[in-house]
Amino acid sequence: MGMNQDNSSFKLPSKTVLIAFILAIMLGGGNAVAIRFAVRELAPFWGAALRFGGGAIILWFVAAIRRSKLPPRSVLPGLLVYGFLSFGAAWAFIFWGLRTVEAGMAQVLMALSPLLTLVFVVLHRQESFHWRGLAGGLMAIAGVGWAFFEHPQGSTAVLPMLAIVAGAACLSESIVLLKRLPPMDPIMINAAGMSTGAASLLILSRIAGEAWKVPSLAATRFAILYLVIVGSVIFFGLLFFVVRRWTASASSYGLVLMPFETVALSAWLTGEKLNSALLLGGALVLLGVWIGALARPARSRRSEAAIAVGGEAD
């Protein structure tokens, strides 16, 4: 049992799951850039509510056409918590932080998600603890610290950067909770989850006294359209498909690769400059995630080799 848990994070998925995983990385890398454009005109919580409210409407429409069954009452508590964390709290933090944190830096902070997921799966007893996870976590934290102290905005960015990390933590926990839900129609799960997230964001927006305005700039409209269709309906559909067929910790590895795409897009579209904070801090974060969550220990490789030899002998 222990060996299976230790190695579950490293088992390669099927070709279909791997293709969906790669597509999710390609599409998700543009989310942070699109949010940066959206929050230039829209209040953060209101912008996030528009995103997931629009996504929920599309998914409910698709669910009605497919005549999908409503989730049973027994799973509603878990489904509501999943929706609140994945589509409400996480993106409230991220939208708020991206008002001042550049898209590339934000995606580097989001790359902590695999390590955070590793912590949560251990707490939920879905996977076992690794000392290398702790070592990788400390290295990743050092990278975030370097990015913070060398960041051009200095100490004024501490709260927005912490908000991005909090958003990553909410997403990591939601991935773990998604693994605990019984098999259901993914369209229905995401429709209910986005509805819960949009409702909580609207309440938060009203409490914060934000102005509910329709986007007037072409760039904002395109950004919201991208976030609704590509960044919500398609991206989370692919993510759901991958998570249900792979381990929670492995499914979060895409956030390690997204910074490269996000930095390139942000530099091209917004003129974000590459500096030592982003390059060196980001490199430490990625190395820490590799050590803590991706690289297989020698013992695991020897165990897998022994299993393979045993299988051939049989």
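The values are calculated or read from the model by the stated rules, or taken from the named source; none is laboratory data. All figures in this text were calculated on a predicted structure; none of them were measured in a lab. Methodologically, a virtual Cβ is constructed for each residue, glycine included, from the backbone with ideal geometry; neighbour enumeration extends over all protein chains shown.
Brief remarks follow.
- In segment 174-196, the residues that are closer than 22 Å to Thr117 by Cα and in a loop (DSSP other than H, G, I, E, B): Leu181, Pro182, Pro183
- Considering residues of segment 27-62 that are β-branched (Val, Ile, Thr) and more than 15 Å from Ala219 (Cα to Cα) only, the residue modelled with the lowest pLDDT: Val62
- Some residue of segment 201-210 being modelled with pLDDT under 90 and surrounded by fewer than 19 Cβ atoms within 10 Å (Cβ to Cβ): no
- Boolean, Gly55 is assigned to a helix (DSSP H, G or I), of a type outside the set (D, E, K, R) and buried (at least 23 other Cβ atoms within 10 Å of the Cβ): yes
- Enumeration of residues in segment 179-196 that are surrounded by fewer than 22 Cβ atoms within 10 Å (Cβ to Cβ) and within 19 Å of Gly55 (Cα to Cα): Met184, Asp185, Pro186, Ile187, Met188, Ser195
- Conditions (1) of a type outside the set (S, T, N, Q); (2) farther than 28 Å from Leu112 by Cβ; (3) crowded, with 18+ Cβ neighbours inside 10 Å: number failed by Ala168: (2)
- Set side by side, the residues Ser232, Ser205 differ, and just one is within 15 Å of the chain's Cα centre (by Cα) and either under 21 Å from Phe61 (Cβ atoms) or part of a helix (DSSP H, G or I) (or both), which is Ser232.
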